[in-house]
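Take a look at the structure below.
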Amino acid sequence: MTEQKSTQERIIEAFIELFRDYGYKGTTTRAIAERAGVNEVTVFRHFGNKRAIMDAAIQSVSYSPRLEKLIQEKVTWDLEKDLRMIASGYLGYMENTRDLLMIGFREAGNFPELNKMIVKIPLELKRVLVRYFSEMRQKGKIIDADIDYQAMNFLLLNFGYFLSKSRFADQVIPDSLDDFLNSSIQLFVRGLTP
C-alpha cells in the first residue's frame with residue numbers, strides 16, 4: 001500500500017515540476033494549485049506565497065540527516081562495501097532531487113538560497129568521507145594518504161557521474177550505474193588498500 005502524500009507535499013512537488021519547466025516567474029500559484037489538485041486558497045493557507053513554497057522545497061531535500069543515518073546504520077568497515085553503499089546512497093539521493101538540483105544550477109544567480117542548499121550536499125558528503133577515511137586509516141585498513149583529497153576525489157567522481165547522466169544521458173558515460181560503481185570503486189579501493 002502506498003502512502004498518500006500530504007497537501008503540503010503535493011504543493012511542493014507541483015512547485016518543483018512547474019519551476020523546472022517554466023522558471024520561477026512562469027510558476028504561478030494558480031498553476032501550482034491546479035497541478036497539486038487543491039484550491040489556490042489552500043496554497044496560500046499552507047505557505048502564504050510562492051517564495052515560501054520554494055523555501056519549503058529547499059528544506060525538504062536536506063541531505064545531512066539522510067547521509068548520517070545511512071552511515072551510522074550500514075558501515076561495515078569493509079572499504080569496498082562501504083564505498084559502494086555511500087556512493088549508491090549519494091547517487092540515489094541526487095537522482096531523487098534531480099529536478100531541484102538542476103533548477104539550482106540554472107537559477108543559482110537568481111536564488112542564492114538554492115545555491116547554498118546545493119553546496120551543502122557535497123560538503124556534507126566530504127565531511128562524512130573524511131571522518132570515515134580517518135577511522136579506516138586508524139584501523140590500518142587504508143594507506144596513509146591525504147584524507148581530504150581522497151574524500152574530494154571520491155565525491156567528484158560520483159558527482160561527475162550524476163552530472164553527466166543528468167545532462168547528457170548515455171552520451172558521455174554509456175555504462176550502467178552498477179558498471180560505473182564496480183569499476184570506479186575497485187580502482188579506488190586498489191589505490192587506498194595497504
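Do we have GLU107 as open to solvent by less than 30 Å² (accessible area, probe 1.4 Å), acidic (Asp, Glu) and more than 19 Å from SER88 (Cβ to Cβ) here?
On the way: open to solvent by less than 30 Å² (accessible area, probe 1.4 Å): yes; acidic (Asp, Glu): yes; more than 19 Å from SER88 (Cβ to Cβ): yes.
Yes; evaluated as a whole, the condition is true for this residue.
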Name every residue in the range 114-150 that is within 24 Å of LEU18 (Cβ to Cβ) and exposed (fewer than 13 other Cβ atoms within 10 Å of the Cβ), in order of residue number.
LYS116
Go through the range 13-39 and give me each residue that's open to solvent by less than 60 Å² (accessible area, probe 1.4 Å), of a type outside the set (Val, Ile, Thr) and at negative phi.
ALA14, PHE15, GLU17, LEU18, PHE19, TYR24, GLY26, ALA31, ALA33, ALA36
Quickly run through the range 164-194 and pick out the residues that are surrounded by fewer than 17 Cβ atoms within 10 Å (Cβ to Cβ), among the hydrophobic types (A, V, I, L, M, F, W, C) and part of a helix (DSSP H, G or I).
PHE168, LEU177, LEU187
Right, GLN72: open to solvent by 70 Å² or more (accessible area, probe 1.4 Å), closer than 29 Å to TYR22 by Cα and not hydrophobic (A, V, I, L, M, F, W, C) or not?
no
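The values are calculated or read from the model by the stated rules, or taken from the named source; none is laboratory data. Everything numeric in this text was worked out from a predicted model, so none of it was measured. Here Cβ is always computed from backbone atoms with ideal geometry, including for glycine, and neighbour counts include all displayed protein chains. The protein model used for the area step is the full one, side chains on, heavy atoms only, and it has no ligands, DNA or RNA in it. Shrake-Rupley method; radii C 1.70, N 1.55, O 1.52, S 1.80 Å.
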